[in-house]
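Nothing in this text is a laboratory measurement; each read-out follows from the coordinates by a stated rule. Since we're looking at a predicted model, the values are computed, not measured. Every residue, glycine among them, receives a Cβ derived from its backbone with ideal geometry; neighbour counts consider all protein chains shown.
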Amino acid sequence: MSTTGPLSGIRVIDLSAYIAAPYGCTLLADQGAEVIKVEPPTGDNLRSYPSTLKAEGRAFLGVNRGKSSIVLNLKVPAARDVLLRLLSDADVLVHNFRPGVAERLGIGFEAIRALNERLIYCAVSGYGETGSLSKKAGYDQVLQTMSGICTLQGSKENPKIVYGSVVDYYAAALLAGGVSSALYQREQTGKGQFVGISLLRSALAMQSARFIWAADEPRDVYRDMRSGGITGLYGTAEGNLYISANTPHFWTALCELIDLTELATNPRYATVRLRAEHSDELIPKMTQALQVHTALEWEKIFGDRVPCAVALEIEDMFDHPQVLAENMVATFKHPSVGSYRGLSRAIKFGHGEQVALRAAPTFGENSNEILTGLGYTLEDIQALRTAGATS
């Protein structure tokens, strides 16, 4: 696939599964990289996740756009030879094997560095490369629970999961940023390097505003980064509305538009901190005032004077005027699913947009094409299939 993005000409070998590492590779594809997804004979587990789509998992489609796919059974020596041939002139390798697995397969960092010293070697793990937990499997909601996200969402007594794989997707962004930085440094040094991404780092990085403990502080202090007070979701005459009015300008406008101007001039509520301290007084008054109109009506009334949003569903985003104005939705053609709409790209560049958008690949869709490009003949490919190296 020809691309003109900033990473055009970069080849990424994606050995990963699930969300964090694969979506990090997708973000690289969004920027013009050629991404080859290498799957075992059983496929990426995300393909078989529950979905109302029968031909392919919805999550797999969303996480793996823009890639090609080859099937390799790395337990078979001939398949490992294919992979090594791929890696010999690749720019990036991404995997999410637990520490030690890549070494057992003969594709650990030291072995691959000897093969291709320019390769950026990115390993995604649950807990990092060292320490007592390094060999444990890590998953988004496991790390949410461990890192305090769930008690923040609920409470210590009643923790709540944040659905949507937020730790995975943040790790994906860290992967794309880290790999891109390593590629930039390679231009200066001529050498690749190891890039380590972990869900634990991701979960803590997401909470950087909370992950602060001053030397003279006790354990139980208020570390929540939420402004408190009047910022939050409100019920209206119909529907729910999120309001954020922390600055003096927005607070004054809010009070005026909901016909509670006396609150704006009351010194008890003059700052964000004071409004948080007196939220038990403010919230009932605001809630009552907001019953006059529906959430959609309030959104129009507030306009750009008060930051707010009606609580919508993801289905509403496919035809949302702002989403369409930013060309965030693309129509993809898929051999099994047919036509479907999904996110076009996560990053917008002023120059060198990709010239083609590509759906997530079917299982092993490009095996022959990739093997032929590596110099394998049709007879060689059939021999690989007979040996169980590919399918």
TODO: Rank GLY190, ILE112, ILE10 by how far each Cα sits towards the positive end of the charge dipole of the chain (+1 on Lys, Arg Cβ; -1 on Asp, Glu Cβ) and give me just the farthest.
DONE: ILE112
Open item on the list: Need one number: % antiparallel among DSSP beta bridges in the chain, to the nearest 5.
Closed with: 40 percent
Task: Residue exposure sequence - ILE347, ILE230 - by fewest surrounding Cβ within 10 Å - done: ILE347, ILE230
TODO: May I ask you to derive the FRET efficiency for ILE301 and ALA346 from their Cβ-Cβ distance with R0 = 30 Å, giving the value to the nearest 0.05?
DONE: 0.40
Task: Relative contact order for the chain, counting Cα pairs under 8 Å that sit 6 or more residues apart, in percent - done: 21 percent
Task: Length released on extending from LEU260 to VAL101, taking residue separation times 0.36 nm less the Cα-Cα span - done: 51.0 nm
Open item on the list: Are there DSSP H segments in the chain that both extend 27 Å or more along their axis (alpha-carbon positions) and score a mean Kyte-Doolittle hydropathy of at least 0.0? List them, or say none.
Closed with: 166-189
Task: Peptides ranked, highest mean first, by Cβ atoms within 10 Å: ranges 327-335, 308-316 - done: 327-335, 308-316
TODO: State, to one decimal in nm, how far the label point of ASN240 lies from the label point of ARG113, with both points 7 Å from Cα in the Cβ direction.
DONE: 5.0 nm
Task: Dipole in debye (nearest 20) - the chain, about Cα centre, beta carbon charges: Lys, Arg +1; Asp, Glu -1 - done: 960 debye
Open item on the list: How high is the relative contact order of the stretch 232-314? Use alpha-carbon pairs under 8 Å, at least six apart in sequence, and give a whole percent.
Closed with: 46 percent
Open item on the list: Run the numbers for ARG268 and LYS156: contour at 0.36 nm per residue of separation, minus the present Cα-Cα distance, in nm.
Closed with: 37.2 nm
Open item on the list: Can you give me the C-alpha center-to-center distance between the stretch 359-391 and the stretch 71-136, rounded to a whole angstrom?
Closed with: 20 Å
TODO: Find the centroid of the Cα atoms in the stretch 43-66 and in the stretch 240-258, then give the distance between the two in whole Å.
DONE: 41 Å
- [ ] With a 10 Å radius around each residue's Cβ, average the other Cβ atoms per peptide and rank 55-62, 367-374, highest first.
- [x] 55-62, 367-374
TODO: May I ask you to compute the full-extension gain from GLU313 to ASP380, defined as 0.36 nm times their residue separation minus their alpha-carbon distance, rounded to one decimal in nm?
DONE: 19.1 nm
TODO: Report the label-to-label distance for GLN185 and GLN291 in nanometres (one decimal), using points 7 Å from each Cα along the Cα→Cβ vector.
DONE: 6.0 nm
